[in-house]
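The values are calculated or read from the model by the stated rules, or taken from the named source; none is laboratory data. Not measured: the values here are computed from a predicted model. FYI the Cβ positions are ideal-geometry reconstructions off the backbone, even for glycines, and counts take in every protein chain you see. Ligands, DNA and RNA are excluded from the accessible area calculation, which covers all protein heavy atoms including side chains. Shrake-Rupley method; radii C 1.70, N 1.55, O 1.52, S 1.80 Å.
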Amino acid sequence: MKSIYVLNGPNLNLLGKRQPEIYGHETLEDVERLCEGVATDGFEIRVLQSNHEGQIIDWIHEARENACGIVINPAAFTHTSVAILDALNTFDGPVIEVHISQVHKRESFRHHSYVSHRADGVIAGLGLEGYAAGVRRICQLVDAHR
Ligand code: DHK
């Protein structure tokens with residue numbers, strides 16, 4: 001069984017309650033159900049969320065041993081964290097960056113992403129469907145290399 005880590009940054013624990021006009025009414029449990037529904041045979045999904053940068057970095061280090069791919073919504077850390085970029089640069093498998101909202105239609109400080117310097121794919125503005133697309137892509141890429 002290969003693991004795909006689905007990592008979520010700050011405030012995404014409030015998904016469904018926080019600014020639903022931007023992030024929608026669905027929750028992280030819905031993200032988990034959706035990702036599990038699209039993962040192909042032989043892949044397991046681990047959805048994790050933290051409000052703390054260091055915890056996300058520790059999970060990326062853990063993924064080096066335990067995961068074949070990472071889907072990451074770094075939330076606000078997208079725009080600030082060289083440390084998360086550096087951690088992702090230590091990971092060998094595919095990395096897909098997801099934003100629920102269309103960040104390029106929003107404030108200019110959301111237009112730059114440190115994580116995009118490493119990501120193999122970037123999805124913005126598809127709502128939770130972005131996570132599903134990320135998982136599908138990782139299954140495809142990893143299966144192609146088996
Ligand atoms: C989520 C956040 O919390 C913001 O800080 C990002 C991202 C956008 C999202 O669209 O999922 O700017």
If only one of I84, I123, I70 is closer than 17 Å to E44 by Cβ and either more than 9 Å from the ligand (Cβ to nearest atom) or open to solvent by 10 Å² or more (accessible area, probe 1.4 Å) (or both), which one is it? I70
May I ask you to verify whether L48 is in contact (Cβ under 8 Å) with a residue 40 or more places away in the chain and aliphatic (A, V, I, L, M)? yes
Every residue in the range 121-146 that is out of contact with any helix residue (DSSP H, G or I) (no Cβ under 7 Å at 6 or more places or on another chain) and hydrophobic (A, V, I, L, M, F, W, C), please. A133, I138, C139, L141, V142, A144
Only residues in the range 116-140 that are within 16 Å of E32 (Cβ to Cβ) count as the first member; pair them with residues that are within 14 Å of the ligand (Cβ to nearest atom) and assigned to a loop (DSSP other than H, G, I, E, B), Cβ under 6 angstrom, at least 6 apart or cross-chain, and list the lot. G127/G24; G127/I100; L128/E26
Given the structure, is I60 of a type in the set (A, V, I, L, M, F, W, C), without any contact (Cβ under 8 Å) to a residue 60 or more places away in the chain and open to solvent by less than 20 Å² (accessible area, probe 1.4 Å)? yes
Selection within the range 1-48 - within 15 Å of W59 (Cβ to Cβ) and of a type in the set (F, W, Y): Y5
So, restricting to helices (runs of 4 or more DSSP H) that lie completely within the range 1-111, which ones have at least 2 residues that are more than 15 Å from Y131 (Cα to Cα) and either of a type in the set (S, T, Y) or at pLDDT 95 or above (or both)? 20-23, 53-66, 82-88
Would you mind stating whether E36 is closer than 18 Å to S3 by Cα and out of contact with any Pro (no Cβ under 8 Å at 6 or more places or on another chain)? yes
For the range 132-146, check the following and say yes or no: at least one residue is open to solvent by 50 Å² or more (accessible area, probe 1.4 Å), more than 9 Å from the ligand (Cβ to nearest atom), closer than 18 Å to A76 by Cβ and outside any loop (DSSP other than H, G, I, E, B). no
Report the residue count in the range 91-119 for those that are within 21 Å of E53 (Cα to Cα) and surrounded by fewer than 17 Cβ atoms within 10 Å (Cβ to Cβ). 6
Has the range 101-114 got at least one residue that is more than 12 Å from the chain's Cα centre (by Cα), away from the ligand (no atom under 16 Å from the Cβ) and touching a residue at least 24 places away in the same chain (Cβ under 8 Å)? no
